[in-house]
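The values are calculated or read from the model by the stated rules, or taken from the named source; none is laboratory data. These numbers come from a predicted model, not from an experiment. Every residue, glycine among them, receives a Cβ derived from its backbone with ideal geometry; neighbour counts consider all protein chains shown.
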Amino acid sequence: MALYRLLIALVAPALILRFLWRSLGGQEEGADLAERLGGGEPAPEGSIWLHAASNGELTSARPFIDALLARAPEIDILVTTNTVTAKALAESWREPRISARLAPLDFRWVLARFLRLHHPRALIVIENEIWPNRFAMAVQRGLPVFLFGARLSERSAAFWERLGLAAGITGAITALSAQDAGSETAFLRLGLPRARLLERVNLKQSVQMPEPDDMLPWPREQTVLAASTHEGEEELILSAFRQARTRRPALRLILAPRHPRRTPEIEALIRAQGLSHATRSRHEAPGAPVYLADTMGEMANWYASAGICVIGGTFAPKGGHTPFEPARFDCALLHGPDTANFREAFAALDTAGAAMPVTDAEALAEALATLSPEAAEALGQAAHRTLATLGAGTGPTLLVDALLDRLA
């Protein structure tokens with residue numbers, strides 16, 4: 001722990017300056033920096049502190065949050081996130097028993113200030129947000145620590161071991177429900193006592209998508225969705241799409257970036273490929289072959305509009321985003337090589353021949369050019385069936401039971 005605290009102390013000035021610069025540049029507000037430093041308005045005392053890194057993790061936690069609020073009307077929840085957009089998502093739910101704040105930085109003085117301000121009664125961490133100081137100070141103050149939908153790679157486990165933090169991390173955990181078997185094994189290797197394991201639950205399987213209400217007027221069998229793309233992926237996908245259109249000119253592309261703030265950058269990439277486009281945030285009509293869907297909360301519209309879905313985060317070192325959502329809409333799933341975040345799901349899909357793995361722009365272009373509407377429809381139905389068999393309908397309820405039992 002001493003080495004970690006030394007390292008985090010060394011980066012503290014640069015990190016605080018970065019967020020200060022974002023505030024001065026208008027990307028965040030002064031109140032956001034205050035929250036990152038442990039300040040802001042206090043949540044109701046005794047709230048359950050639930051931390052989710054960003055939109056995806058918070059969305060996956062929503063069924064659990066709803067189940068907990070329904071089961072325990074006396075409980076309030078303090079949601080913290082790393083991003084402003086995720087905090088806004090929590091606020092958009094307009095649930096009076098949820099307080100949303102930006103997460104405190106992992107400095108002891110910040111965490112001490114945060115804990116004095118909010119007085120939470122337990123900490124729940126969604127997926128893979130391991131912060132050693134946060135865990136240690138929660139335990140020092142008697143807070144039980146829960147990890148739900150927990151995700152840990154062998155590489156990350158080895159990293160924590162090298163820093164000498166394995167025992168401190170696993171010793172702080174009251175109960176853990178892993179997302180998949182590989183993550184469960186990694187936590188056990190790190191030193192988590194088997195008695196603290198709960199049933200494995202992948203929270204993303206329980207997410208309920210809203211009904212689409214504004215689908216594009218394009219033929220679904222000729223429409224491709226690039227869902228939740230990251231920097232470095234749009235150029236690859238746009239290149240593949242341009243190549244495929246030389247053989248299949250009726251193709252259309254919905255490009256939905258993970259971070260809409262990157263709109264100017266992505267528009268430049270579209271123009272560089274010689275493609276015309278319309279942009280959702282500017283309310284432009286979808287007449288061009290590329291539609292830049294740079295808004296939040298509308299993925300159901302795009303899944304319903306596209307017969308083929310290229311899953312973002314799989315062509316960049318991001319671990320991949322959820323295949324569960326597009327599969328529910330019977331989209332044919334195409335993905336790149338990095339599927340670490342959903343290893344079990346992608347392994348099931350690939351083994352069943354219910355998804356199409358591709359490695360680069362050329363392979364993706366070939367797939368888009370040659371995947372017939374009939375084959376795409378069959379692939380999408382196979383993905384739907386395959387992921388439905390993994391099922392997790394009772395997952396949130398199981399986690400609520402485990403939490404309340406340990407808080408009693």
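Is it fair to say ALA240 is in contact (Cβ under 8 Å) with a residue 60 or more places away in the chain, within 23 Å of ASN55 (Cα to Cα) and assigned by TED's automatic domain parsing to the domain that holds ALA369?
Criteria not met by ALA240.
Hey, any hits in region 244-258 for a residue that's under 24 Å from the mean Cα position of the chain (by Cα) and modelled with pLDDT under 95?
yes
Which of the numbered conditions does GLU91 fail, given that it passes all the others? Conditions: (1) within 19 Å of ALA138 (Cα to Cα); (2) acidic (Asp, Glu); (3) surrounded by fewer than 16 Cβ atoms within 10 Å (Cβ to Cβ).
(1)
Kindly evaluate GLY380 against the criterion of being assigned by TED's automatic domain parsing to the domain that holds ARG252, in contact (Cβ under 8 Å) with a residue 40 or more places away in the chain and either within 26 Å of GLY182 (Cα to Cα) or not β-branched (Val, Ile, Thr) (or both).
Criteria met by GLY380.
Using beta carbons and a limit of 8 Å, which pairs, at least six apart or on different chains, have the first residue in region 319-337 and among the β-branched types (Val, Ile, Thr) and the second one assigned to a loop (DSSP other than H, G, I, E, B)?
THR322/VAL207
If the requirement is being at pLDDT 95 or above, buried (at least 18 other Cβ atoms within 10 Å of the Cβ) and at positive phi, which of these qualifies: GLY46, GLY38?
Step by step, each of GLY46, GLY38 is checked, and only GLY38 is at pLDDT 95 or above, buried (at least 18 other Cβ atoms within 10 Å of the Cβ) and at positive phi.
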